[in-house]
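The structure under discussion appears below in the form of structure tokens.
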Amino acid sequence: MSASYPLMRIPVVQAPPMVEEHLSGAEREALKERIKALMRAQDAVLLAHYYTSADLQDLAEETGGCVSDSLEMARFGHAHAARTIVVAGVRFMGETAKILNPEKRVLMIDAAAECSLDLNCPAESFIPFCDAHPDRTVVVYSNTSAAVKARADWVVTSGIAAKIVRHLHERGEKILWAPDRHLGRYVQRVSGADMLLWEGSCVVHEAFRADALKDLMARHPEAAVLVHPESPEAVIELADVVGSTTQLIDAVRTLPNRSFIVATDNGIFHKMRATAPGKLILEAPTVGEGATCTSCAHCPWMAMNGLRKLAQVLEGGAGEVRIDEAVRVKAVRSITRMLDFAAAERRRAA
Ligand code: 13P
Ligand code: SF4
């Protein structure tokens, strides 16, 4: 039922070198105090993704912000009253916050923090692709630019993608999906929908290796295997739980297992360990036969976020996200559809 778009239209993405922030205890405390004062003065709230540093995640929680997956970051930022939103994450997260909150100032800690999926799907190639398939409903993953969202009928995150596509399939709609091919194939399989797939991938998740994972599973037979659906199909097939970052954290909290093998960015381990102290969290392997590990289970763009840069951004006002209003007005429709669908799901579940 699924078909793929020719690979040659997909740009090759070079991940930047991994540069992580290292702070002494005294530096960390001084920076946090400085940032807290600046945030109070600027009426700012911090939204941090689970893949950012433990320092940023802790600061977001200490200051009344949120640490979450990309769906909840969008929802929380939209609902919050602060006049400034600071995004610790990657560009599409900052853009989503701005699309939903045009009246607010939205700052990125590092405006150069990209996402390989977003880079894999330039609007100049994607828009003609959609135009060539007018019979299909265009569903794009949130890891895309504002211009790509503006061309879409629906935006989805990994937490809700399968539910939305199943809903569209039940209405008889055929899907054009972008950009992540692994997530697309997974959604196709669980929803049964007719999906035409863009062939993008995430440099971090694509590096997980099924053979090496099987070896690790054999050494830890009691461990539950948790996999983010941006991982290759052979890795997903080994999973006990496939889900968004929040769904994987919930699995660590609720499953009876004492140990877990996790195939997603290891930044998430901070929250998993805090949520379930005493449980053993093991990193799924990115080595072994055919390994291409360039990031070793950590997103190099997420690693561009740090406390030093956050202080500089608040002091200097750099990193402000700006989006063309015509693009924003179109993009907000496809994001709002997802948020409304998610709210209806929550009401149904309550
Ligand atoms: P979530 O939507 O699960 O937070 O994932 C975002 C992401 O970039 C995963 O690599
Ligand atoms: Fe993008 Fe992958 Fe980084 Fe997530 S982990 S932000 S999908 S490059």
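Data for the structure
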| read-out | value |
| --- | --- |
| Residue within region 240-258 that is hydroxyl-bearing (S, T, Y), within 16 Å of ligand 2 (Cβ to nearest atom), modelled with pLDDT of 95 or more and closer than 30 Å to L176 by Cα present | no |
| Members of region 59-85 found to be out of contact with any helix residue (DSSP H, G or I) (no Cβ under 7 Å at 6 or more places or on another chain) and either in contact (Cβ under 8 Å) with a residue 40 or more places away in the chain or aliphatic (A, V, I, L, M) (or both), listed by number | A60, A79, A81, A82, R83, T84 |
| Some residue of region 121-128 being in the same structural domain as R337 (by TED's automatic domain parsing), touching a residue at least 24 places away in the same chain (Cβ under 8 Å), within 16 Å of ligand 1 (Cβ to nearest atom) and part of a loop (DSSP other than H, G, I, E, B) | yes |
| Residue within region 170-183 that is free of Cβ contacts under 8 Å to residues at least 12 places away in the same chain, farther than 22 Å from R346 by Cβ and part of a loop (DSSP other than H, G, I, E, B) present | yes |
| All positions within region 310-325 that are touching a residue at least 12 places away in the same chain (Cβ under 8 Å) and assigned to a helix (DSSP H, G or I) | L310, A311, V313, L314, E315, E325 |
| Pair list, Cβ < 7 Å and 6+ apart or interchain, from region 89-114 residues that are among the aromatic types (F, W, Y) to residues that are within 16 Å of ligand 1 (Cβ to nearest atom) | F92/C115; F92/D118; F92/S142; F92/N143; F92/T144; F92/S145 |
| Residue within region 71-83 that is near ligand 1 (Cβ under 10 Å from one of its atoms) and of a type in the set (D, E, K, R) present | yes |
| So T137, is it assigned to a loop (DSSP other than H, G, I, E, B), surrounded by 17 or more Cβ atoms within 10 Å (Cβ to Cβ), not small (G, A, S) and not assigned by TED's automatic domain parsing to the domain that holds G316 | no |
| Residues being within 16 Å of ligand 2 (Cβ to nearest atom) and either at pLDDT below 95 or β-branched (V, I, T) (or both) - total across region 34-66 | 1 |
| Residue list for region 129-156, filter: free of Cβ contacts under 8 Å to residues at least 40 places away in the same chain and out of contact with any strand residue (DSSP E or B) (no Cβ under 7 Å at 6 or more places or on another chain) | D131, A132, P134 |
| Residues of region 198-225 classified as assigned to a helix (DSSP H, G or I), within 21 Å of M18 (Cβ to Cβ) and not aliphatic (A, V, I, L, M), total | 2 |
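The values are calculated or read from the model by the stated rules, or taken from the named source; none is laboratory data. Computed from a predicted structure; not experimentally measured. Note: ideal-geometry Cβ built from the backbone for every residue, glycine included; neighbour counts use all protein chains shown.
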